[in-house]
Amino acid sequence: MNSALFSAPNMQALAATCRPAAQWLSHMSPDISPLLAAMGKNSHGMTDLQLPDGRYLFDAAPPAVCYGKWIPDSAHRKDSGPAADRHNLARSATVVIGCNVGYGLVHLIDNTPDTHKILLLEPDAAMLALCLSQSDFSPFIRSGKLTVLPPDRTVVHDIIRRLDVQYLFGSIHLRADLPSQQISPLYAEWANIVHGMMDSFGLEMLTLRKVQDTMVSNELANFRTALRNGSLNPLENMLRGLPALIVGAGPSLESNGPVIAPHTADAVITTSLQALPACRKAGIKPHFCLAIDWGEVMTAVYNRLDNEWAADIPLIYSTKTRHEVVARYPGPALPLWTVGGLATFIGGSGDLVLEAGSNVNVAIVRLLYWAGVRRFTLLGQDLGWKGDRSHASGHHATMLRSHQAARDIDGNPIRTDNKFLAAARELEQDFRIHTDIEAYNIYGGGLPIHGAANITAQDALDNNLLQARGASLDKLRLALQQAMIPCNQPAWEPREEQWRSSLRHVQRRLEKLLRKAARNHDDITATLRQVHAFLRQDPLYLPYLYNEIMDIAGMGLGRLRYGPADLKAFKDIVRRVLHKVRHMDSVLCTPAHDSCVPVSAASSASGGSVRPQAQTL
């Protein structure tokens with residue numbers, strides 16, 4: 001029997017730094033003795049795993065052929081290749097699906113710089129345990145160069161989203177291990193899943209990089225008003241037993257909406273702010289609407305909205321929505337705090353801070369699930385074009401142009417776009433994760449949403465999908481009334497003076513180090529990493545400083561040399577940081593009126609996270 005010499009050190013490193021993977025392996029308790037017994041020499045004379053049919057994994061092609069293209073030829077060796085290629089590799093990451101006996105991992109580790117991130121997803125617990133028994137990966141696991149992931153969609157999604165620096169300043173490569181795909185179809189399935197996650201992440205990063213400043217600026221403009229408007233916390237789990245009808249503004253709303261409208265007395269009816277005029281035309285009146293979009297285009301809804309009709313429909317608005325959109329709304333408004341904004345700090349352990357996703361209807365599903373709804377019926381969620389129209393009449397975007405080809409449920413070609421595709425993927429993922437959800441889609445053409453049963457409007461009525469189960473809409477009305485009670489108005493201690501002093505000090509230090517940049521390379525890198533940690537110290541200010549934090553991370557990651565241009569770039573970042581800190585101080589640290597509650601650095605009036613004492617450089 002072959003040796004499992006490296007199992008213990010690798011498992012110890014895994015337990016210390018990759019806890020989800022270690023817990024998964026512990027839970028699975030794989031027996032690798034049959035795999036060890038199947039290890040032998042293949043036709044190339046290499047140690048290999050024999051498959052049940054007698055073939056070895058690498059009989060068809062040796063590892064050099066399988067993995068030679070995983071790294072660009074010009075950057076294949078650590079000590080060779082153009083500087084630009086080596087620099088890019090140092091700032092990049094590789095996601096690997098399948099490890100077999102470890103040849104691919106060893107190849108990546110040996111031929112990439114220390115700062116290159118490697119993420120391994122091995123869906124077969126026994127194969128992972130076998131790989132970890134054959135080579136000593138523990139130094140790379142402990143250093144963070146190698147991260148092992150369990151086959152858990154939530155964990156994988158979360159880890160991929162942490163590759164923001166690599167996405168912005170390098171590349172993220174997905175490598176599906178072809179030899180492993182001889183073992184099971186799981187490997188190809190997970191490669192497709194991760195490919196979809198990476199596509200969504202890329203779209204999110206492109207948006208975030210461009211508009212994070214705008215979104216947090218909107219949140220600052222809304223901050224005091226949002227606290228006066230109240231909190232959604234009273235809605236938590238209050239809607240159990242109630243069905244939900246989520247109305248989109250796809251072209252099929254015009255035909256299916258009037259069929260459904262007379263039969264919605266028991267259902268929680270929701271839609272987006274943008275879709276309110278289309279709902280009005282279809283004869284459907286929602287119990288509330290939702291706005292999450294941050295852009296100025298949102299104001300276009302008021303060109304079509306019947307203000308008198310909407311006056312008793314509450315607007316639940318993301319605090320990242322433009323202040324003008326909220327101010328013009330004719331009815332009551334309630335704030336929704338979302339991930340990536342000020343609520344990272346302000347929200348307490350019991351407060352709702354929603355991961356809103358990339359689409360308003362995704363946000364509605366997540367909000368209603370948190371509120372207790374388990375049966376969802378989608379209406380007008382076409383996520384594609386019907387003829388030359390992407391939306392029902394009444395919506396301000398009825399004539400958008402398409403960018404992507406897709407197929408409907410009958411296999412016919414349709415037109416859609418990347419945002420619609422991302423929304424479908426997120427809805428499908430939520431329906432898979434939450435196994436207690438019943439989801440139905442009144443399908444009227446367009447992009448199918450897997451996990452939601454395709455039905456007709458008459459099917460929804462015949463099967464009583466919009467009837468409550470021992471619950472009343474009075475629960476919703478009472479919860480909304482309670483939600484409109486104003487919150488405390490906290491005021492925090494300012495940061496600008498202390499931060500200005502620290503950043504000016506470190507700027508002078510960098511000026512000295514950069515005079516002899518080659519000699520001081522390591523000290524410059526260490527200083528930039530200290531600044532990166534300094535800018536991330538305060539969770540209340542971190543969201544608004546996102547772009548500056550990313551820029552500093554990019555300056556300090558995998559750099560081969562520094563020069564005078566880096567000092568200019570650093571000074572520009574410092575200028576932007578101090579400008580933003582001054583603006584945040586003016587909003588968050590100045591009481592708006594007598595009801596403001598002072599919040600010290602060691603406490604939070606809202607019960608949120610304890611704000612750390614300010615650090616210096």
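The values are calculated or read from the model by the stated rules, or taken from the named source; none is laboratory data. This is a predicted model, so every value here is computed, not measured. So basically every Cβ, Gly included, is an ideal-geometry build from the backbone, and we count neighbours across all protein chains shown. Note: areas computed on protein heavy atoms with side chains; ligands, DNA, RNA excluded. Shrake-Rupley method; radii C 1.70, N 1.55, O 1.52, S 1.80 Å.
Values as computed for the structure displayed
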read-out	value
More than 18 angstrom apart: percent of Cα pairs within the range 120-264	75 percent
Among (i) 18, 45, 28, 9, 1; (ii) 19, 51, 28, 3; (iii) 17, 44, 34, 5, 0, the entry that matches P(r) over Cα pairs in 20 Å bins from 0, in percent as calculated here	(iii)
Distance violations [Cα-Cα > 32 Å] among 386/475; 419/571; 285/320	386/475; 419/571
Accessible-area value, residue 285, 1.4 Å probe, nucleic acids and ligands omitted, Å²	80 Å²
Solvent-accessible ranking of 44, 434, largest area first, probe 1.4 Å	44, 434
Accessible-area ranking of 215, 11, 205, largest first, probe 1.4 Å	11, 215, 205
Packing-based ranking, highest mean first, of 490-496, 501-507, 288-294 given that Cβ atoms within 10 Å are counted	288-294, 490-496, 501-507
Rounded to 10°, Cα long-axis angle of helix 7-17 versus longest principal axis of the chain	40 degrees
Considering only the chain, percent of DSSP beta bridges that pair antiparallel, nearest 5	20 percent
Total charge dipole magnitude, the chain, about the Cα centre, Cβ charges on Lys, Arg, Asp, Glu only, Debye to nearest 20	2000 debye
Whole-number percent relative contact order across the chain, with pairs defined as alpha carbons under 8 Å at least 6 apart	14 percent
Computed [θ] at 222 nm, deg cm²/dmol, the chain (DSSP H ≥ 4; -39,500 (n - 2.57); rounded to nearest 500)	-13000 deg cm²/dmol
Per-residue SASA entry for residue 582, accessible area with 1.4 Å probe, Å² rounded to 10	100 Å²
Cα gyration tensor, the range 205-281 - rounded (a/c under 1.5), prolate or oblate	oblate
Per residue, in Å², the accessible surface of the chain once ligands and nucleic acids are set aside, probe 1.4 Å	42 Å²
Sulfur and carbon atoms: percent of accessible area, the chain [1.4 Å]	52 percent
Tensor-based shape of the range 279-379 (alpha-carbon gyration tensor, a/c under 1.5 rounded, otherwise prolate or oblate)	oblate
Gyration tensor verdict on the range 1-75 (Cα atoms; rounded if a/c is under 1.5, prolate if a/b is larger than b/c, oblate otherwise)	oblate
Acute angle (nearest 10 degrees) that the helix 360-370 long axis makes with the longest principal axis of the chain, alpha-carbon atoms	90 degrees
Principal-axis tilt of helix 474-483 within the chain, Cα atoms, nearest 10 degrees	70 degrees
Dipole magnitude of the range 125-203, debye to nearest 20 (Cβ charges: Lys/Arg +1, Asp/Glu -1, about Cα centre)	180 debye
